[in-house]
Every structure is written in C-alpha cells, then in structure tokens.
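Each remark here refers to the structure printed beneath this line.
The values are calculated or read from the model by the stated rules, or taken from the named source; none is laboratory data. Remember, it's a predicted structure, so these values are computed and weren't measured experimentally. Using ideal geometry, Cβ is built from the backbone for each residue, glycine included, and neighbour counts are taken over all protein chains shown.
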Amino acid sequence: MKFGGTSMAGTERIRRVANIVRRQQAAGHEVAVVVSAMAGETDRLVNFCREANPLYDPAEYDVVVAAGEQITSGLLALTLQALGCKARSWLGWQVPIHTDTAHAKARITDIDAQAMMDSMAAGEIAVIPGFQGIADDGRVATLGRGGSDTSAVAVAAAVKADRCDIYTDVDGVYTTDPRIVAKARKLKAVTFEEMLELASVGSKVLQTRSVSLAMKEGVRVQVLSSFVDDDAPLADDLPGTLIVSDEELEGLDMESQLVTGIAADKNEAKVILTRVPDRPGAVASVFTPLAAANINVDMIIQNVGREKGETDVTFTVPSADLVRTQALLEEAKPSIGFNRIITDPKVAKISIVGVGMRSHAGIASTMFKSLADRGINIQAISTSEIKVSVLIDEDETELAVRILHTAYGLDVNDEAA
Ligand code: ADP
Ligand code: ASP
Ligand code: MG
C-alpha cells in the first residue's frame, strides 16, 4: 500500500490512512506500507537547499529532502500502534533499499527485504518511507520527484506482493486529469504500455519510472483514493483503476476505445535555430552538445530549406534546461553555423494515447482537424506506435484537452452504460 502526499498531510489524514491499513490487515493480509512526505513538504525542503546554496551538492540535497518521508513513516507507525496494531518503520538504509550513486535521481538496484518480511510474517506492519534508499557510497539517496510510487512498486516486487495499491487524492486513473476536465471518465483498467506513455507525456498520477518497473517486474498496480469513508469497500474489491498487461486487459472484457487517455505537459520549451546549413552532420552538431549535457530533446522538426542550402531546426527541451540549452548552443554556434536562436517557453505538449492506434487509421488526422476547427495552431508533431503529441500555445492547453476529449468520445456522459 502506498499513500501520497495529500493522503499524509497532517495527523488527522494519517489517522484515516492508519484505519485503511488496519482494515486491510484485518482482512487477512500481511502489509507493507510506503509513504510520501506531507503535501508541500518536499517543495519546502528543496527551497531550503536552494537558499543555502544554489549550486547544491546532490548528496547533501538528498540528506535534506529525504527527511520528509522519515517523519511521515514514523508518524504512521505511531498512529497504527495507537490503534492497537503492531507496526514499525523501516528507513531506506534499514530495509535496506540499495540504489546507485546518481544522487537526487537515483535508481534502485536491489532490495534485501528478508528481515522486513520476517517481521511482517510475525504480524508487524512495515512502514517504509518512499523516495529514499541507501546509495553504493553508503549515503542516503533519493529517487527523483514523485519517486515514492517507484519505491512502492519496488518493495511490492521485492516482497512478491499480490498487488501494489497506490492510494492518492483521486479514485483512479481517468481519461484525462479530472481536476482540469470535469467530464473526464474513470478507467477500470489501463495497460502498462498506455500508462507508461501517459505518465511520460504528463499524467503525473504515477511516476513514469514506477510504471516501467511494474511492467518489467509484472507487479499488478491499482490506483485508488484514500479519501473514503471508514466503511468504504476494501481495496480487494478493486474500486480503483488496475494497471495490467494486455492479456489481463482482454480478460476484463472492456469496451475498447481508440484513444484511452489525453495528457498535457507545460514543462517543455521550444527552440528554433534559423538558417542552419543543410548538409550532412549539421543536425548532429546541434544535438551532440545537448546530449553530452544530459539535456533531453523531445520533439524535433527540420523544416524544408528556406534558402538554398539552409534550413530551420525546431525542437523542444524541458523548460528547466532552456537557459543551459541556449548557452550551449551559443557556444557551439561557430561549429554549427546557424543565424539566430529563437526560444518560446510558453508552449504545451498535448498527447493522445491508445493501443487502438496500432490497428486504426485516421486517429491523428481527427486530432489535427479538431484543433484546426477551433483555430488552434500546431507548432510541432511527434508520434510513437500508440501516441500522437502536438505542440501548441500554452494558453490553449485546457481548451485543446477539452476539444480532444469530446472529439474521441471520452466525455463521461457519452458512456454507453
Ligand atoms: P500523490 O501525492 O498521491 O502522489 P499526485 O499529485 O502525484 O498524488 O497525483 C495525483 C494527481 O494526478 C491527481 O490529483 C490529478 O490531478 C493528477 N492527474 C493527472 N492526470 C491524471 C489522470 N489521467 N487521472 C487521474 N489523475 C490525474
Ligand atoms: N515526497 C517526494 C516528492 O514530492 C516523493 C513523493 O511524494 O513521491 O517528490
Ligand atoms: Mg505522486
């Protein structure tokens, strides 16, 4: 069981969480619980680091930001004890959850869960702070923002759990963010692949890495709400959204949609390099320095030559990397040989995702036409086997998501049932 930041925000919320955990154990399960820091706490700790030293050492940053989860894990163990349950916390180094040394964005390499499993078998509830582990250098490490989801899936795999229930502040995965589109519809199930695409293009309900780990380890994941009455149906009744393999989804016999979900991401920025020489190696000279600096380039278009022997190159990078990108390109200007850099941080990437795209034509053209009909201009396009993304003006984000949600028949009142 994993509980996110809003679920853990304060002692009253933690009491509700403890009650859900207690009921789950009373239903005959051994339980391990992974917790996030209280909502807003990690942001607060990150800010302290920035204030202390803008060029902070990632290993010391980890010492600071891992603290939020240490507090909530202890508080949940205490609250469970107050309810008469046996419970104890297991910090990252105590389990231990081993990670690599990429501080602030570490990857879990191995979990030795034996001692914790022995304690669980003896009836003790294990409470584990998410987001943290112990790196190979012997120091505390964190897994990147939103990383408690990944901790939960990794612990579930390590203890060979029947299921990994991710409790949050919405009651499942929806066709799009239900806080933005009121007509969003809750999905009974979604495939690992679709969830992976949705998470990577901006549906922050699950951290992307947690989904790829669940897919690799075959962990069944359910997303559900912790904001429920004390006598609500148990998680075993599967009230939330299941993330499952293709085969299991077929078994669930759901009405299939061409598009499963829509996501928006405002955290990308557009870069245009004008008048890049149109010759072999020119594009490589643009992207090699960015790759070397670990900057992830997403959408790319190379326009048709504007004048003889020249072309414009347009691409997107994470907004947080825009300043560095500009600096690196200016530095490489003599070897690339472009004319100007034009940047625009006010763009949004809107993506539609669905396995139906594999077998049906015309899904992308519906997207382009629906947006065009409402005067929304598309600045760049990228696709994968089960996804189409377009780049638009950031001010039109919510409108575009609503238009597409309706165009693909996803609005909740369209539901046949
Ligand atoms: P937690 O603190 O529990 O980890 P998050 O804030 O990380 O919670 O994730 C839950 C939020 O994800 C929801 O409040 C919702 O606004 C957002 N969200 C974005 N896309 C979706 C979606 N397709 N379905 C459900 N929630 C979504
Ligand atoms: N508290 C961490 C964060 O906000 C990890 C998490 O909640 O998943 O990123
Ligand atoms: Mg989260």
Boolean, Ile378 is in contact with a Gly (Cβ under 9 Å, 6 or more places away or on another chain) and in contact (Cβ under 8 Å) with a residue 12 or more places away in the chain: no
Within the stretch 197-220, considering residues that are among the aliphatic types (A, V, I, L, M) and away from ligand 1 (no atom under 13 Å from the Cβ), the one farthest from Thr397 (Cα to Cα): Val219
Enumeration of residues in the stretch 237-274 that are buried (at least 20 other Cβ atoms within 10 Å of the Cβ) and modelled with pLDDT under 90: Leu249
From Gly261, Gly309, residue being in contact (Cβ under 8 Å) with a residue 12 or more places away in the chain, at positive phi and of a type outside the set (D, E, K, R): Gly309
Matching residues, the stretch 1-14, being part of a helix (DSSP H, G or I) and within 15 Å of ligand 2 (Cβ to nearest atom): Arg13, Ile14
Considering residues of the stretch 248-303 that are over 29 Å from the mean Cα position of the chain (by Cα), in a loop (DSSP other than H, G, I, E, B) and not polar (S, T, N, Q) only, the residue nearest to Arg340 (Cα to Cα): Asp278
Hits in the stretch 187-245 - residues which are among the small types (Gly, Ala, Ser), away from ligand 3 (no atom under 15 Å from the Cβ) and farther than 21 Å from Glu30 by Cβ: Ala189, Ser212, Ala232, Ser245
Contacts under 6 angstrom Cβ, first residue in the stretch 107-123 being over 16 Å from Ile97 (Cα atoms), partner surrounded by fewer than 20 Cβ atoms within 10 Å (Cβ to Cβ), 6 or more apart: Met120/Glu30; Gly123/Lys86
Index of the failed condition, Pro233 passing every other in (1) modelled with pLDDT of 95 or more; (2) over 22 Å from Val153 (Cβ atoms); (3) not charged (D, E, K, R): (1)
Where a residue in the stretch 341-368 is farther than 26 Å from Val173 by Cβ and hydroxyl-bearing (Ser, Thr, Tyr) and its partner, wherever it lies, is at pLDDT 95 or above and surrounded by 14 or more Cβ atoms within 10 Å (Cβ to Cβ), with Cβ under 7 Å and at least six apart: Thr343/Ala269; Thr343/Lys270; Thr343/Val271; Thr343/Leu322; Thr343/Gln326
Residue list for the stretch 185-196, restricted to those being more than 12 Å from ligand 1 (Cβ to nearest atom), more than 10 Å from the chain's Cα centre (by Cα) and either assigned to a helix (DSSP H, G or I) or of a type in the set (A, V, I, L, M) (or both): Ala189, Phe192, Glu193
Yes/no for Arg50 being charged (D, E, K, R) and at pLDDT 95 or above: no
Condition check for Val64: in contact with a Leu (Cβ under 6 Å, 6 or more places away or on another chain) and farther than 30 Å from Glu30 by Cα: yes
Among the candidates Ala77, Ala121, Ala152, Ala141, residue that is buried (at least 20 other Cβ atoms within 10 Å of the Cβ), under 29 Å from Leu238 (Cα atoms), over 18 Å from the mean Cα position of the chain (by Cα) and modelled with pLDDT of 95 or more: Ala77
Qualifying residue in the stretch 320-341 (condition: modelled with pLDDT of 95 or more, under 21 Å from Ser382 (Cα atoms) and not in a helix (DSSP H, G or I)): no
Yes/no for Val17 being touching a residue at least 24 places away in the same chain (Cβ under 8 Å), within 16 Å of ligand 2 (Cβ to nearest atom), in a strand (DSSP E or B) and surrounded by 19 or more Cβ atoms within 10 Å (Cβ to Cβ): no
Hey, Ala9 farther than 27 Å from Lys160 by Cα, modelled with pLDDT of 95 or more and either within 16 Å of ligand 3 (Cβ to nearest atom) or aromatic (Phe, Trp, Tyr) (or both) or not: yes
Given (1) more than 15 Å from ligand 1 (Cβ to nearest atom); (2) surrounded by fewer than 19 Cβ atoms within 10 Å (Cβ to Cβ), number of the condition Ala182 does not satisfy: (1)
Which listed residue is within 16 Å of ligand 1 (Cβ to nearest atom), part of a strand (DSSP E or B), within 23 Å of Ala135 (Cβ to Cβ) and of a type in the set (A, V, I, L, M), from Val46, Val34: Val34
His103, sole failed condition from (1) within 16 Å of ligand 3 (Cβ to nearest atom); (2) assigned to a loop (DSSP other than H, G, I, E, B); (3) surrounded by 20 or more Cβ atoms within 10 Å (Cβ to Cβ): (1)
Evaluation of Leu55 against (1) within 16 Å of ligand 1 (Cβ to nearest atom); (2) at pLDDT below 95; (3) among the aliphatic types (A, V, I, L, M) (one fails), failing number: (1)
